[in-house]
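Bear in mind these aren't lab numbers, they're just calculated from the coordinates by the rules spelled out. Predicted model only: the values in this text are computed from it and were never measured. Heads up, the Cβs are rebuilt from the backbone with ideal geometry, glycines too, and the neighbour counts pull from every protein chain shown.
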Amino acid sequence: MNVLGEREREAVASVLASLEQDVSVMLELGPAAAPVTLLAAGGGEIDPGDQTRAILEDVCSLSERITLEVVERDEPGPWPRTTIGPGLRYLGMPLGYELTTLVHGIVEAGRREPSLTAASRGRLGALERDVAIDVYVTPT
C-alpha cells in the first residue's frame, strides 16, 4: 500500500537516488509509554505505529540501497522509534515536514563522507568525551 502520492514518491525517489552506500533502517514498535490519540482529518483515529510502518515501507521501497527491519518490543517505550544507519534516531511519526527530515537523514547516512565541513569534523574529533546531541524538529 502506498501512503505517499505519486508526486511525493517521485520526489522522494529522486532524492534517494543520490545514496552512495547501503542504509539500514530499523523501526521499533511496541506499547507506548505515554499513549496519545491522534485524529486524522475527518475524525478517524491514527495508530502511530501502523502509520509509521506504512510510511517507512513506502519510502524504503523507493531505493534498492535501503533495507527496513521492523522489531516488535514488549516493554513500553517511546515507540515508534526509527533508527537510521549506525545511530540517527527518529521518534514519532514522520508526517508532513518530518517526512523531509526522515528522508534527508537517510540520505546523510547513505553518504560515503559526512556533509559536515572539515573544520566541524575536526572540532568534533577534538572532544574529550562522547556527546549525545538531540535535535528537535517542528514546523513552528
Using Cα pairs under 8 angstrom and six or more residues apart, how large is the relative contact order of the chain, in percent?
30 percent
Selection of chymotrypsin sites (Phe, Trp or Tyr not before Pro), the stretch 36-140, meeting DSSP coil and at most 14 other Cβ within 10 Å:
136
Only helices counted: for the chain, with every DSSP H run of 4 or more residues adding -39500 (n - 2.57) and the sum spread over all residues, [θ] at 222 nm is -10000 deg cm²/dmol
Gaussian network model of the chain, Cα within-10 Å springs - most flexible of 42, 85, 96:
42
Return the Cα extents of the chain along principal axes one, two and three, sorted largest first, each rounded to a whole Å.
50, 35, 31
Looking at the chain, identify the longest residue range that excludes and avoids all trypsin sites (Lys or Arg not before Pro) in DSSP loops having at most 11 other Cβ atoms within 10 Å.
1-111
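To the nearest 0.05, how large is the calculated FRET efficiency for residue 118 and residue 20 if R₀ is 25 Å and r is the Cβ-Cβ distance? Write out the running numbers ahead of the final one.
Numbers: r = 18 Å, r/R0 = 0.73.
That gives a FRET efficiency of 0.85.
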Give the share of C-alpha pairs in each 5 angstrom bin for the stretch 28-100, from 0 to the last occupied bin, in whole percents, shortest bins first.
3, 14, 25, 27, 18, 9, 4, 0
